[in-house]
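Below: the structure, in structure tokens.
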There are 2 protein chains.
Amino acid sequence: MKDSEQLDLAFAALANPTRRAILARLAQGETTVNILAGPFDMSLPAISMHLRVLENAGLIIRGRDAQFRPCALNAAPLKAVALWTDQYRSIWEARFDVMDAIIKAMKDKADG
Amino acid sequence: MKDSEQLDLAFAALANPTRRAILARLAQGETTVNILAGPFDMSLPAISMHLRVLENAGLIIRGRDAQFRPCALNAAPLKAVALWTDQYRSIWEARFDVMDAIIKAMKDKADG
DNA sequence: TGATTAATTAACTGATCAGTTTAATATAAA
DNA sequence: TTTATATTAAACTGATCAGTTAATTAATCA
């Protein structure tokens, strides 16, 4: 798969608060589907499908332990996201008064 | 809007290669819709809608200059994305042989 | 074996996405 | 005042999303 498609999948997977919460839980350690589902007011199949999205994005890895399917975080795609985002770091670190001036100038043109 | 919803919008906006390419172009400087549309094999309304998604996510700011609607990058949401992602930095920076061992162990259990 | 537990699959629904074409709006230029 | 340019809006389509309930699979336990 192309890098770009990997980013598509990672960003899409991260665009959901339930899935981000699942990753936050997995950052503390590997666990099972039922335990992951616990905090959410949502059916188990719904969680199962979120896990599939995360797995397809490479953000989790699933194993098997008897009737359990332990999930573990795989942070590699997050590194790719961070590298992509870092392209823009110098821009968001630019002095804010400068940014504000640009934004204000555009708005003035638009409104006036 | 809640921080979490801002992240939802930012991640969703970034989950599309056309929109990421638009941001890359805007990193070089503000420009108009037609010029942004140039490289893409896609109708102008399609680009216009992508720009709306980016605007709703706060990733671009739009002004007005006669019949032109200049677009400028606003990197603030990217900073939020970077901060969110950084929570996981220590995990993806963990030694890879350790990660590999964990992954291998899970797969062995699954297969064997 | 039969019952229980863990998790997924299947089938369905309503909402949103990404694109199209056609029509409309706003400004500039002839 | 007509015409051209830049852009958006509207209406539509097919695909994907996020959830549901009911059924199924896989393993454990009594």
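Values in this text are rule-based calculations from the coordinates and carry no lab data. Note that the coordinates shown come from a computational prediction; the quantities given were computed from them, not determined experimentally. In this analysis, Cβ positions are derived from the backbone assuming ideal geometry, glycine residues included, and neighbour counts consider all displayed protein chains.
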*Between copies, how close do the A:ARG69 label points come, placed 7 Å along Cα→Cβ, listed in nm from shortest?*
4.3
*Using DSSP to define loop residues, name the trypsin sites (Lys or Arg not before Pro) in the range B:1-95 whose beta-carbon has at most 12 other beta-carbon atoms within 10 Å.*
B:LYS2, B:ARG95
*Once amide H atoms are built 1.01 Å from N in the peptide plane, which residues 5 or more positions from A:ARG69, or in another chain, come under 5 Å H to H?*
A:VAL33
*Please give the net charge around B:LEU59, taking every other residue with its beta carbon less than 14 angstrom from that of B:LEU59, where Lys and Arg add +1 and Asp and Glu add -1.*
+3
*asked:* Taking θ = phi - 60°, what integer Hz values does the Karplus form 6.51 cos²θ - 1.76 cosθ + 1.60 yield along the range A:20-37, in sequence order, with x for Gly and Pro?
replied: 5, 5, 4, 5, 4, 5, 6, 5, 7, x, 5, 7, 9, 4, 4, 5, 4, 6
*Given the convex hull of the Cα atoms of the range B:1-45, what is a quarter of its surface area in nm²?*
4.0
*Could you pull out every residue, at least 5 positions away or on a different chain, whose amide H is within less than 5 Å of the one on B:ARG64? Hs are placed 1.01 Å off N in the peptide plane, and Pro or chain starts have none.*
A:ALA110
*Mind jotting down the three principal axis lengths of the range A:1-104 based on Cα atoms? Whole angstrom, largest first.*
59, 32, 21
*asked:* Within 10 Å of each Cβ in A:68-76, how many Cβ atoms from other chains are there, averaged over the peptide?
replied: 4
*Over all residues in B:7-14, what is the mean tally of Cβ atoms on other chains that come within 10 Å of each residue's Cβ?*
5
